[in-house]
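What follows is one structure encoded as structure tokens, with my remarks underneath.
The values are calculated or read from the model by the stated rules, or taken from the named source; none is laboratory data. If you're wondering where the values come from, they're calculated on a predicted model, not measured in any experiment. Cβ placement follows ideal geometry from the backbone for every residue including glycine, while neighbour counts extend to all protein chains displayed.
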Amino acid sequence: MPGVDFWVQWRLYVSMADLRAQLPLATTTIGIDIDETATLTTGPNWASFTLTRRADGARIGIGRGQTMGDGSELVLSPGPARTEADLIDLNRAAVVLYTRLVEKGAIDPPSPLERPRPPQPAGM
């Protein structure tokens, strides 16, 4: 789980295009928005994301996605404030996001479960 000095790093079986489509949908039910942030490095193979708590607009986390081989990689880390409430919400977002990615076949579930094949496109 993400913490003050810890982040999560996942290798995914989906393209950056699918990752971009799935992230904004993943955590809306728990009041956390994941939005892409344009930077100098933004492109088809690279993206930066901000995780924002909708209730107060607090930036609770940041993310980075990039193409890795025939899939992608997602890294999540804490936002600038790193308050206890922010870290709790970031952990909630990570659990929900991980669950959604497993459901879509984008990442391997914990053993002994098996991921759905083939990976499902966003919106399914």
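Taking the range 1-78 and the strands (runs of 3 or more DSSP E) fully enclosed by it, the elements with 1 or more residues that are of a type in the set (Val, Ile, Thr), closer than 12 Å to residue 97 by Cα and in contact with an Asp or Glu (Cβ under 8 Å, 6 or more places away or on another chain) are at 32-37.
Residues in the range 88-102 that are surrounded by fewer than 16 Cβ atoms within 10 Å (Cβ to Cβ) and of a type in the set (A, V, I, L, M) were compared, and the one that is farthest from residue 13 (Cα to Cα) is 88.
Cβ-Cβ under 6 Å, sequence separation 6+ or interchain: first residue in the range 99-111 and within 16 Å of residue 27 (Cα to Cα), partner part of a helix (DSSP H, G or I). Which pairs? Short answer, once both residue conditions are applied: 100/26. Tally time: how many residues in the range 39-64 are among the hydrophobic types (A, V, I, L, M, F, W, C), surrounded by fewer than 20 Cβ atoms within 10 Å (Cβ to Cβ) and either under 21 Å from residue 14 (Cα atoms) or modelled with pLDDT under 95 (or both)? The qualifying residues number 3. Only one of the numbered conditions (1) more than 11 Å from the chain's Cα centre (by Cα); (2) exposed (fewer than 13 other Cβ atoms within 10 Å of the Cβ) is not met by residue 15, and that is (2). With respect to the conditions (1) in contact with a strand residue (DSSP E or B) (Cβ under 9 Å, 6 or more places away or on another chain); (2) loosely packed, with under 13 Cβ neighbours inside 10 Å; (3) of a type in the set (D, E, K, R), residue 70 falls short on a single one, namely (1).
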